[in-house]
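In what follows, a structure is listed as structure tokens, so that the remarks can point back to it.
Just so you know, all these numbers are worked out from the coordinates, no wet-lab data involved. Small disclaimer: the values here were computed from a predicted structure and weren't measured. Glycine also receives a Cβ, built like all others from the backbone with ideal geometry; neighbour counts cover every protein chain displayed.
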Amino acid sequence: MNDGPVQNARIYYFSGTGNAQWISQWMAASMQVHGTTVQLENIDKLRAQSNQTGPADLIGICAPTHGFNFPPVVLRFVMNFPQGKKQKVFICNTRAGMKAGRIFLPGLSGIALLLTALIMCLKGYRIVGLRPFDMPSNWISIHPGLKEKVARSIMLRCKTKAESFAQKMVSGKKDFRALYDIVQDLLIAPISLGYYMIGRFIFAKSFYADQHCTNCGLCIKNCPVNAIQMVEQRPYWTYQCESCMRCMNTCPERAIQTAHGFVFGVFYLVMVLFLNQLWAWLLQLNNLQLNQLIHHNWLRFTIESVVVLFFLLLAYRIMHSLLRFKWFEQLIRLTSLTSYRFWRRFYGKKYRFAPTTRDQQESVSG
Ligand SMILES: Cc1cc2nc3c(=O)[nH]c(=O)nc-3n(C[C@H](O)[C@H](O)[C@H](O)COP(=O)(O)O)c2cc1C
């Protein structure tokens, strides 16, 4: 086992809106400066070519955090990774970095790094680095996009960190900075399961294209998981959507929205008109076993989540058809926070940080 300087490295990345791609490129550039040959591999493209891996002394995996875990597309990629022979691996996640005044606020990794590290260990690799990077949050379904100045300052801070981490990795050192957060990461682990089982589908069924959509098909073409289809001459988000935010942040017409009013409306109606009545009726039956089951918080929460999801999937399809009526489209748009100018977008790929080589510039567009 060679723990000295690394001759060649291969970094696999997945990026919805550019953050993980920037981190991978900054790391690659920093490694190249130190004489290491680096190959950057976009997981999107690899899946299309089903050409997964190649030899390397050092392997890197870098992807965004989604619901306190890596997105399913990345987990699938890691699960299908070939068995290793003690090669060195580092794993990085980008998280939702924010800024309050001058204070930089970190995101939360949950099990993103821990689970991936476990899978890679079981496959026979040797973990040498685990590192989160708090890049600007792109999750504009739940908060307005950050101002460009704020996003840039958060990114520049991460650039320095990514470069110094990369240097450590190629000089044979170890860095487990991620483990500082292990207590909080394990405490929120159950939420990552909830997001994986339920939450991601709810977000997937919150996107729609408003009247400004020109049917250019860019969202469909760019979707990394082929989750968007043209249905009734309008983009339609299938449950395969991973909410990576690429479509919403790159739509040239700013026509893709999160239907906040619709989701909350369905949630409210299902809870108040259906589930609350159902529980009340079941309690009236005075069956001891049934009563015990109903008062079991986790079970009740799970049943409610599944029922809400079922009705949301149904209502989403109906909403999609009704969007052709102007009055309905306006109602949905007025209750979508993302349709207001103040909400902004996150254009992670547009920032320019002078990539060092032509190859890297090309991989930005790739
Ligand atoms: C659906 C979704 C879920 C997210 N969940 C988390 C999370 O659990 N923790 C966190 O710190 N950031 C979270 N974020 C923020 C992203 O991880 C963060 O902005 C990341 O840098 C985006 O990287 P990308 O531009 O490469 O896609 C989430 C973003 C999205 C869109």
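In plain terms, the bigger the Kirkwood radius, the slower the diffusion; for region 1-147, with that radius from Cα pairs, at 20 °C and 1.002 mPa s, Stokes-Einstein puts D at 136 µm²/s. Want the number for Trp298 to Met79: 0.36 nm per residue separation, take away the alpha-carbon distance, what's left? My answer for the length gained is 75.9 nm. The alpha carbons of the chain stretch over 70, 53, 45 Å along the principal axes, in descending order. Each Lys and Arg contributes +1 and each Asp and Glu -1, all at the Cβ; summed about the Cα centre of region 8-191, the dipole is approximately 300 debye. Computed from the C-alpha gyration tensor, the three semi-axes of the ellipsoid equivalent to region 192-317 are 36, 14, 10 Å, from longest to shortest.
Remark: the Phe267-Cys121 segment gains 48.5 nm on full extension, using 0.36 nm per residue and subtracting the alpha carbon distance. Mean-square fluctuations from a GNM of the chain, with a 10 angstrom spring cutoff on Cα atoms, peak among Thr94, Thr302, Thr65 at Thr302.
In the chain, the DSSP beta bridges split such that about 25 percent are antiparallel, to the nearest 5. For region 281-329 versus region 132-173, the inter-centroid distance based on Cα atoms is 39 Å.
Here the sum of -39500 (n - 2.57) over DSSP H runs of 4 or more residues, divided by the residues of the chain, equals -13000 deg cm²/dmol at 222 nm, to the nearest 500. Sorting the Cα pairs of region 260-335 by distance into bins of 10 Å, from 0 upward, gives 17, 40, 24, 14, 6, 0 percent per bin. Neighbour counts of C-beta atoms inside 10 Å place Phe310, Phe201, Phe165, Phe342 in the sequence Phe342, Phe310, Phe201, Phe165, starting with the fewest.
For the chain, the longest principal axis of the Cα atoms and the long axis of helix 297-322 meet at an angle of about 80 degrees.
Each Cα pair under 8 Å and six or more residues apart adds its separation to the average, and for region 8-191 the resulting relative contact order is 24 percent. A Gaussian network model of the chain, with springs between Cα atoms under 10 Å, assigns the largest mean-square fluctuation among Asp210, Asp181, Asp134 to Asp181. Within the straight-line cut-off of under 22 Å between alpha carbons, the lysines reachable from Lys88 are Lys123, Lys161, Lys168, Lys173, Lys174, sequence neighbours fewer than 8 places apart in one chain being disregarded.
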